[in-house]
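The values are calculated or read from the model by the stated rules, or taken from the named source; none is laboratory data. Not measured: the values here are computed from a predicted model. Here the Cβ is made from the backbone with ideal geometry for all residues, glycine too, and neighbour counts use every protein chain on show. Calculation scope for accessible area: heavy atoms of the full protein, side chains included, ligands and nucleic acids excluded. Shrake-Rupley method; radii C 1.70, N 1.55, O 1.52, S 1.80 Å.
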Amino acid sequence: MTPALDVRGLRVRYGTVTALEDASFTLEPGRVCGLVGMNGSGKSTLFKSVLGLVRPDGGTVRILGDSPAAARRHRAVGYVPQSEEVDWTFPVSVRDVVMTGRYGRLGPTRRPRRDDHAAVADAVERVGLADLADRQIGNLSGGQRKRAFVARALAQAPQVLLLDEPFAGVDRRTEEALTVLLRAFAADGGTVLVSSHDLARLPELADESVLLRRTVLLHGPTTDVVRPENLARAFGLDVGEDR
Amino acid sequence: MTLWDLLVDPFAYGFMERALVASLAAAVVCAVLSCWLVLVGWSLMGDAVSHSVLPGVVLAYVVGLPFAVGAAAFGFLAVALIGAVREGRRVKEDAAIGIVFTTLFALGLVLISVTPSQTDLNHIVFGNVLGVDAGELWQIIGIAAVVLVVLLLKRRDLTLVAFDPTHAFAIGLSPARLRWLLLALLALTTVVALQTVGVVLVVAMLITPGATARLLTDRFDRMLLVAPAASALCALVGLYGAYYLDTAPGAMIVLAQGCLFALVFLLAPRHGVLARTRRRSR
């Protein structure tokens, strides 16, 4: 079977700073994979490499066997950005934002058809925002904002979904709801790569996890990855180890 | 004399009629474009491009090409130069913009001073809407129509790129190409507007209506209606003002837009200063 995501010997440098060095891992379809590491460990760079936003200085990224550019053309990759990356005062409603998930399928003027409206209504319903669909996105709580962007990803229906810190600044209910949605997405054959700082709840969400510190330190079942002795390697802490 | 006479009288003159049509066309197309410019944060870029087209327009006049061709060429040149200067990273973007557009604008002024011509090329700098002839009027209407059609056809893509370029990129759109499209439309729009208000004040037409609409609504689709309506109203008020007070029409139009913005800034129902202070004191 073609892996959903295949990262081989990935190296990314920004000027003299090395963001990723010889990073390799493979994800099979239908899995939820956590991405764990400190700020600056290369998580965002990894996401950008999969999207094709940064060009690697070495190594390859394959999405279902395709290059990032081909995967974008097939709308195979969805991306849920960090909250800080979004202009929340922008004059668009929840429904408008979710509809942009469909744009890749639409004609040159992006005029939505009936099934697009249906897909958007369905996605908005699934994340529990049906009552708020016409609100301007800034008039939502932190958790609702995140749901709106997950709804956009659902409306897009990609094969591989990337989420950058979806649980930061989000209420417990939203975290639980998103966990259920992402598990369902994977059960339908989708693949999820999600970075998170909520390590206590990561095992509920992710079957497997990648521990990142400029390179892949460890890739295995989430329960193994979040063991203190492993996290210590990624976060540079001494956790009950003899020196 | 009735109010009706006051409103109709000015347009008994052919030149006033043409001025009205030219001003309305410029006001509407600038206002629609301004909705994206204020959201992308391109106000300074609008200022730069609108000033930088001056040498292009003068050269086009010299070799007998349509103004639009020269304007577009120098609009793009300005953007390319700004990008090149910024690339070195020691010079920040605002400095790069400032250097490039003032240099090109100065070049335009020098070219005007050495170009012998029947029409006063200084009109390009300050606008001369009362002197628009039939040929120029058709050019204005033609360019305005093309720009409006392209903007309306690509409005959803342009809005997405303004809002979330990363998502746009991820689903296979090209944010870079769409930004170039917006720049090309900006250069063309400048040609329309410089006949009315002149190179110096074009930027007001390209920013103020969008900013005014932004204060009045939280829906982008409504901005696209509110901005041109407000801008057209200001063009009308400005022209009447110029006629009865015997003042410069281009400057009057821009002044009207500034006054309307100030009014909205204070009194807008949700985002105005008064509404905000009332909410806070509650």
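Details
- When B:R219 is tested against (1) more than 14 Å from chain A (Cβ to nearest Cβ); (2) touching a strand residue (DSSP E or B) at 6+ places or on another chain (Cβ under 8 Å), just one condition goes unmet, and that condition is (1).
- Residue list for segment A:20-43, restricted to those being touching a helix residue (DSSP H, G or I) at 6+ places or on another chain (Cβ under 7 Å), open to solvent by 10 Å² or more (accessible area, probe 1.4 Å) and within 19 Å of A:E165 (Cβ to Cβ): A:M38
- Residue check for B:N122: without any contact (Cβ under 8 Å) to a residue 12 or more places away in the chain and either away from every other protein chain (no Cβ under 14 Å) or within 20 Å of B:A204 (Cα to Cα) (or both): yes
- Within segment B:120-138, the set of residues being open to solvent by less than 20 Å² (accessible area, probe 1.4 Å), within 18 Å of B:M252 (Cα to Cα) and among the hydrophobic types (A, V, I, L, M, F, W, C) comprises B:I124, B:V125, B:V129, B:V132.
- Scanning segment B:218-240 for any residue that is assigned to a loop (DSSP other than H, G, I, E, B), more than 30 Å from A:V94 (Cα to Cα) and open to solvent by 50 Å² or more (accessible area, probe 1.4 Å) turns up nothing.
- Hey, B:L59 open to solvent by 20 Å² or more (accessible area, probe 1.4 Å), modelled with pLDDT of 90 or more and among the aliphatic types (A, V, I, L, M) or not: yes
- Sole residue being out of contact with any strand residue (DSSP E or B) (no Cβ under 7 Å at 6 or more places or on another chain), more than 14 Å from chain A (Cβ to nearest Cβ) and over 23 Å from B:A48 (Cα atoms), chosen from B:L225, B:L233, B:L206: B:L233
- Only one of the numbered conditions (1) assigned to a helix (DSSP H, G or I); (2) within 8 Å of chain A (Cβ to nearest Cβ); (3) open to solvent by less than 30 Å² (accessible area, probe 1.4 Å); (4) farther than 30 Å from B:P269 by Cα is not met by B:T190, and that is (2).
- Residue within segment A:104-112 that is assigned to a loop (DSSP other than H, G, I, E, B), facing chain B (nearest Cβ under 9 Å) and either farther than 28 Å from A:I63 by Cα or of a type in the set (S, T, Y) (or both) present: yes
- Only residues that are exposed (fewer than 14 other Cβ atoms within 10 Å of the Cβ) and either free of Cβ contacts under 8 Å to residues at least 40 places away in the same chain or farther than 19 Å from A:T26 by Cβ (or both) were counted in segment A:189-203, giving 2.
- Candidate set: segment A:6-43, residues that are of a type in the set (K, R) and not in a strand (DSSP E or B); chosen: the one nearest to the other protein chains (Cβ to nearest Cβ): A:K43
Each row is one residue, and each column tells you yes or no for (1) in contact with a strand residue (DSSP E or B) (Cβ under 8 Å, 6 or more places away or on another chain); (2) open to solvent by 30 Å² or more (accessible area, probe 1.4 Å); (3) within 14 Å of another protein chain (Cβ to nearest Cβ).
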site	(1), (2), (3)
A:T45	yes, no, yes
A:I63	yes, no, yes
A:A69	no, yes, yes
A:P81	no, no, yes
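- Residue that is farthest from the other protein chains (Cβ to nearest Cβ) [pool: residues in segment B:139-158 that are open to solvent by 20 Å² or more (accessible area, probe 1.4 Å) and under 30 Å from A:P81 (Cα atoms)]: B:V150
- Flag for A:A186 being at pLDDT 95 or above and not in a strand (DSSP E or B): yes
- Options B:V49, B:V28, B:V21, B:V40; residue that is in contact (Cβ under 8 Å) with a residue 12 or more places away in the chain, under 24 Å from the mean Cα position of the chain (by Cα) and open to solvent by less than 40 Å² (accessible area, probe 1.4 Å): B:V49
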